[in-house]
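The structure appears below as structure tokens.
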Amino acid sequence: MPKAVLLSSTNSFLAIMLLALGGCARDAPALPPILEAAPTPVMDARQRDAECAKLAADIATWRSEMTTIEQVIYGHRRSDQVAGYLSAVLFPPLALAIDQQAAQKKALDERQQKVDQALARQKALRCPSTGPVLPQS
């Protein structure tokens, strides 16, 4: 009979861990619409250059804000991890003390969506490449 108790205990522990990990997960932000088929807007070169420069400046601003938000999220990571470990091992209600930082994550998703839309607009305008080249996986 001791095996049945051990198996039940193991299953209970696994169920609690899965629920705890599931509570930390969040949905991925929606992907931007595909704008490859969008025709190039009709505008003179000066207007296009000004629009491209504005888009590049906006993208740089949003990426800077995203870096700041990520630093805030990472700054709380250690204390949240400690609370998570302690709640999993010692006191499960302690999991309620973990700050999910929903507002920061939502702001991060919103800025990423703006960056994606601006990059799509740059592509439609055929702006010269101004951003960093991301590695292909």
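Every number here is computed from the coordinates shown, using simple stated rules; none is lab data. Note that the coordinates shown come from a computational prediction; the quantities given were computed from them, not determined experimentally. We place every Cβ from the backbone using ideal geometry, glycine too, and count neighbours over all the protein chains shown.
Below is a table of values for the structure above.
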{"read-out": "Potential lengthening between Asp58 and Lys105 on full extension [0.36 nm per residue; Cα-Cα distance subtracted]", "value": "14.9 nm"}
{"read-out": "Value of relative contact order over the range 43-128, rounded to a whole percent, pairs C-alpha under 8 Å and six or more apart", "value": "47 percent"}
{"read-out": "Cα gyration tensor, the range 43-128 - rounded (a/c under 1.5), prolate or oblate", "value": "prolate"}
{"read-out": "Packing rank of 65-71, 89-95, 42-48, where each peptide gets the mean count of other beta carbons within 10 Å, highest leading", "value": "65-71, 89-95, 42-48"}
{"read-out": "Full-stretch length increase - Leu119, Ala88 - with 0.36 nm per residue and alpha-carbon distance subtracted", "value": "7.0 nm"}
{"read-out": "Charge sum, other residues only, whose C-beta stays under 11 Å from Ile98's C-beta, Lys/Arg counted +1 and Asp/Glu -1", "value": "-1"}
